[in-house]
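These notes concern the structure reproduced below.
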Amino acid sequence: MLKNYSHNKPVIGVTLGDAAGIGSEIVAKAASSGVLQEYAQAIIVGDERLLKRGMRIAKVSFEYQVASSIEEAVKLEGLVLLDTKSIDADSVELAEINPICGKDAATNIGLCVEYCKQGFMDGICFGPNNKKAMKLAGFTLNGAIDLLSNFFGYNGYRGELNVLDHVYWTSRITSHIPLKDVSEHLSMDSILNCINLAHKTLKRAGVNNPRIAVAALNPHGGEGGTCGMEEIETIEPAIEQSKFNGINAQGPFPADTLFIKLFNGEFDVAVTMFHDQGQIAMKLKGFDNGVTVMAGLPYPVTTCSHGTAYDVAGKGIANSGAWENAYILAAKMANVDRASLV
C-alpha cells in the first residue's frame, strides 16, 4: 500500500540523468515551465550541484525545497530535491563518457525504485543516460529496462514501448539484437507476450480498448509464403490467438503501409517485429517528442526517447519537450494505478 496519499497528485521520482549530458538542463527547463508541479508531486533525486548547473546552463530559476531523506521529502509540498550529494558537477567534463557519471545516474534510478517499492513514490521519469558509462561503472544491461528490472527484482515479461504526442504507440518483439537473428527470435509466445504487453500498457495509460496493428516481417507481408513463411507459420496464428483472448489485434500488415494506418488514427499501437521497423517511422514523425515507456514493470517508468545529446550538452539549447512528455505520461499512468487501488 502506498504511503503518499496525503498528496492529491501522484508522487513521481525524477533523476537528472548522466551528468555529462543534457539531463540536468532539460529537467531544469521542465521545472521552470511549471510542468513538474502541474502534473504530479515531483521529487528530484540527485545532487544539488548538478541541478544548479543545469539551471545555469538553461538560464532558468525556480523555487524548490531540499530534503535529506525520502521520509522528509514526501512530507513537503511543491518541487522537492532529495539531495544525494553524490557527484561534484563542476568536476565533470561535459560530453565525455565517464563511469562516475554512469554510476551516479544508475544509482539514482535504483534509489527511486527502492522508494517505489517502499511505497513513497508512484512512478519514475528518469533523465537521459549513457549505457556505455553505466556498463563501465559495472552495471549489466542491454537497455535501460534491464537495469530497471534488476533493481525491481522483476523477472516477468517486459519491453520498451515508444509514444509520440501521447497518441501514437509502438512496441517491438525483438529489440537490441542483430538483424540476422530476428527471425529465429520470433515465436508464438514472443509475439503473444508483446501483443499482450501493448494491450495492458495502453489500458494502464487510459486507453480502454486498444486497437493493435501487428506488422509483418517480410516485404509485402510475405506475399502468401513466396517471400517468407513467418507470417503464415507464426505471426498470423499469434494474432488469431490474441483475438481469442479478447484483445483487439489485427494484421499482419506490411511494414511499409502499417504506419500510414497508425498515423491516420486507425490504430492506437503498432507491434513491430524488430527495432528499426518501428523506430525509423516514429523518429521521422517526431524525433523531438518521443517517449519511451519501460512497460511491464510494477510501477510506471518513462524517459525521453533521445539520448544524452553530448553534441549540444552545456550549450543551453537542448529541447525539453520529449522529456516533459515522458513525465506527463508517467503521471497519467500513476493516476490510473492509484485509481485502481481506491
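Worth pointing out:
- Put simply, the amide H of CYS304, placed in the peptide plane, has neighbours under 5 Å in THR292, leaving out anything fewer than 5 places away on its chain.
- Amide H contacts under 5 Å for VAL271: SER171, ALA213, VAL214, ALA215, restricted to partners 5 or more places along the chain or on a different chain, H placed in the peptide plane at 1.01 Å from N.
- Three-way shape call for region 21-105 based on the alpha-carbon gyration tensor, with the a/c threshold at 1.5: oblate
- Pairs spanning more than 18 Å between alpha-carbon atoms, out of LYS103/LYS332; LYS203/LYS243; LYS29/LYS132; LYS103/LYS283; LYS131/LYS180; LYS103/LYS135: LYS103/LYS332; LYS29/LYS132; LYS103/LYS283; LYS131/LYS180.
- In Hz, Karplus ³J(HN,Hα) per residue of region 84-99 (6.51, -1.76, 1.60; θ = phi - 60°; x = Gly, Pro): 7, 6, 9, 8, 8, 4, 5, 8, 9, 7, 5, 6, 10, 5, 9, x
- In the chain, the alpha-carbon atoms span a convex hull of 127 Å³ per residue.
- Estimated dipole of region 159-282 in Debye, rounded to 20 [Cβ of Lys and Arg +1, of Asp and Glu -1, Cα centre]: 520 debye
- Reach of LYS9 by Cα under 18 Å, taken over aspartates and glutamates that are not fewer than 8 positions away in the same chain: GLU38, GLU71, GLU72, GLU77, ASP122, GLU324, ASP337
- Rounded if a/c under 1.5, otherwise prolate or oblate - region 113-215, Cα gyration tensor axes: oblate
- Label-point separation in nm, GLU114 to ASP181, each point 7 Å along Cα→Cβ: 3.3 nm
- FRET efficiency, PHE263 to TYR310 (Cβ-Cβ, R0 22 Å, nearest 0.05): 0.10
- Note, ³J(HN,Hα) from phi for region 221-233, Karplus 6.51, -1.76, 1.60, rounded to Hz, x at Gly and Pro: x, x, 6, x, x, 8, 9, x, 10, 4, 4, 6, 7
- For ALA67, residues with placed amide H under 5 Å, excluding near neighbours: LEU81, LEU82, ASP83
- The listed peptides 281-287, 8-14, 204-210, ordered by packing as a protection proxy, come out as 8-14, 281-287, 204-210 (highest mean of other Cβ atoms within 10 Å first).
Where a number appears in this text, it was derived from the coordinates with a stated rule and is not lab data. Since this is a predicted model, take the numbers as computed values, not measurements. Positions of Cβ are generated from backbone atoms using ideal geometry, with glycine treated the same way; all protein chains shown enter the neighbour counts.
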